[in-house]
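As structure tokens, the structure follows; a few thoughts come after it.
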Amino acid sequence: MSILYFKKSDERADDKTVNFDSVMEEKREKGLLRVLLIGSGGREAAMAWKISASRIVEKLYIAPGNGGTENYGINLPRVKGSDFESVAEAVRQYNINMIVVGPEAPLVEGIVDWFEERREQFPDLEIVGPNAAGARLEGSKAFSKAFMKRYDIPTARYRSFKPEELELAEHFLDTLQAPYVLKADALAAGKGVIIAEDRTLADKALQELFAGVWGEKGQQVVIEEFLSGRECSMFVATDGVHYTILPEAMDYKRIGDNNTGPNTGGMGAISPVPFVDEAFVEKVKTRIIEPTLRGLQEDGICYKGFLFLGLMEVKGNPYVIEYNCRMGDPETQAVMLRIKSDFGRLLKALATEQLDKYDMETDERAACCLVLASKGYPGSYVKGFEILLPEPSLDSIIFQAGTRRTDGKLVTDGGRVLSVASYGSTVAAASGRCYTVAEQILFDGKNYRHDIGKV
């Protein structure tokens, strides 16, 4: 896809005389990228796989990583993304010159700001990810909804309420029709959204959210109208001046087949999405992406990194369900398969405001991701079951997530244990390959949906 020049921010960003290849050649002469990827999930495993294949990456470290990321780089299990001092120590010890932040928590907590405040200590360090101000688009649902309203970005009708405004919240619920959508105004690992099918359940959810069951106690709660349509995820890479769109995806949030049961972090994903055509993408660009980037600039926020758009297609028009300040999980596992161009070069372009010099190449094949979870997820589950994996397949990749190695064995260590990502000439073909591999993966309590790929 083409990269569009968005808005001039300074002379350096608008300097068309800079040759991107010469920048990369200069980097080679000084030493290739030494990347520290923060995270431990399936998203980070897929990103590690793609980063490790880059021609401009010399060394890849993953902090803390999981049982499978060691296949692509060196795990640093003692380094935690939200412990900035431990990250800084790793930067010094391993001569890191680029940090890529996978999950949202370190971004919301201000890891980018922390290193910027210490720029004299880390003069050559580049970070891919927005600062805390930009990360508020995900960190605060109330902030993001107000942002959308301020910049006329299409989204569902809403209001936000504090715990002491319970009566007002109930009155607002009276103005809506079932089902009701309630969101925690804080990070909740993808599970802080409740869709209540009737008013009784909505009242119960409101009490739970105010009590901090799905986030912080005493937080605001966003209540919004339910939009009926088809969902998809689009991903924007922006250097704060330019942007490009990555391959789109559609994920499957509910734990059970046919979209039943509670919401999860995601049980599978496909790319491309059948209903996302050029006309729809153009509407997303003009009505959502460009107003969002313009709004960030007008608010004085320099956003460098990935912006996730959770969208609802309603009668052919896109509406924003949510922003995320990073790539999605499990969408990333499918999207990475469809990026043909050098991902390390994309990261470098994001960090140096050279995105207009980067050519995004997309694989024409379809991709599907199937998540294998522990029995009981997204509720309580037991860890420590041994995992047996099949021989590698040419068209499928197993991205580990909730795994660890102990006594020479690979064992379960999380709710979403691993993802199978496969290529195919069609989504159906890619889905079929995922299920073939999934049947060969063995661990006690293995659970997965059987309808990933059906739309």
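The values are calculated or read from the model by the stated rules, or taken from the named source; none is laboratory data. Treat the numbers as computed from the prediction; the structure is a model and nothing was measured. Cβ sites come from the backbone with ideal geometry, for glycine too, and all protein chains shown count toward neighbours. Accessible surface areas use protein heavy atoms only, side chains included; no ligands, DNA or RNA. Shrake-Rupley method; radii C 1.70, N 1.55, O 1.52, S 1.80 Å.
Remarks
- For region 223-363, radius of gyration divided by Kirkwood radius, i.e. Rg to Rh on alpha-carbons: 0.97
- Heavy atoms of M267 accessible to a 1.4 Å probe, total area in Å² rounded to 10: 0 Å²
- Rh by Kirkwood over Cα pairs, then Stokes-Einstein D for region 69-114 at 0.692 mPa s and 37 °C, µm²/s: 289 µm²/s
- Hydrodynamic radius (Kirkwood) for region 208-278, which is based on Cα pairs only, to one decimal in Å: 15.3 Å
- Helix-only [θ]222 nm of the chain, DSSP H runs n ≥ 4, -39500 (n - 2.57) each, per residue, nearest 500: -8000 deg cm²/dmol
- Phi-based couplings in Hz for region 93-98 (Karplus 6.51, -1.76, 1.60; Gly and Pro marked x): 5, 10, 6, 6, 10, 8
- Accessible surface of R34, taken over heavy atoms with a 1.4 Å probe and every protein chain present, rounds to 40 Å².
- Mean projected area of the convex hull spanned by the Cα atoms of the chain, taken over all viewing directions: 21.1 nm².
- For L410, distant residues with modelled amide H under 5 Å away: I387
- Largest first, the residues S431, S40 sort by 1.4 Å accessible area into S40, S431.
- Averaging 1/r across all pairs of distinct Cα atoms in region 49-206 and inverting the result yields a Kirkwood radius of 18.7 Å.
- Karplus-derived 3J(HN,Hα) values for region 327-335, using 6.51 cos²θ - 1.76 cosθ + 1.60 with θ = phi - 60°, are 6, x, 9, x, 4, 4, 4, 7, 5 Hz; glycine and proline are entered as x.
- Prolate/oblate/rounded call for region 270-328, Cα gyration tensor, a/c under 1.5 rounded: prolate
- Evaluated at q = 0.20 Å⁻¹, a Debye calculation over the C-alpha positions of region 128-168 (equal weights, vacuum) places log10 I(q)/I(0) at -0.71.
- Residues in region 426-439 carry Karplus couplings, in order, of 9, 4, 4, 5, 5, 4, x, 5, 4, 5, 4, 5, 4, 5 Hz; the curve used is 6.51 cos²θ - 1.76 cosθ + 1.60 with θ = phi - 60°, and Gly or Pro positions show x.
- Once both labels are positioned 7 Å from their Cα atoms along Cα-to-Cβ, the gap between T362 and S425 label points is 2.1 nm.
- Of T406, T200, the order by accessible heavy-atom surface (1.4 Å probe, DNA, RNA and ligands excluded), from most exposed downward, is T200, T406.
- Sequence of D277, D356, D124, D363 from largest to smallest accessible area, 1.4 Å probe: D124, D277, D356, D363
- Most simply put, the chain has about 80% antiparallel DSSP beta bridges, counting only bridges with both residues inside it.
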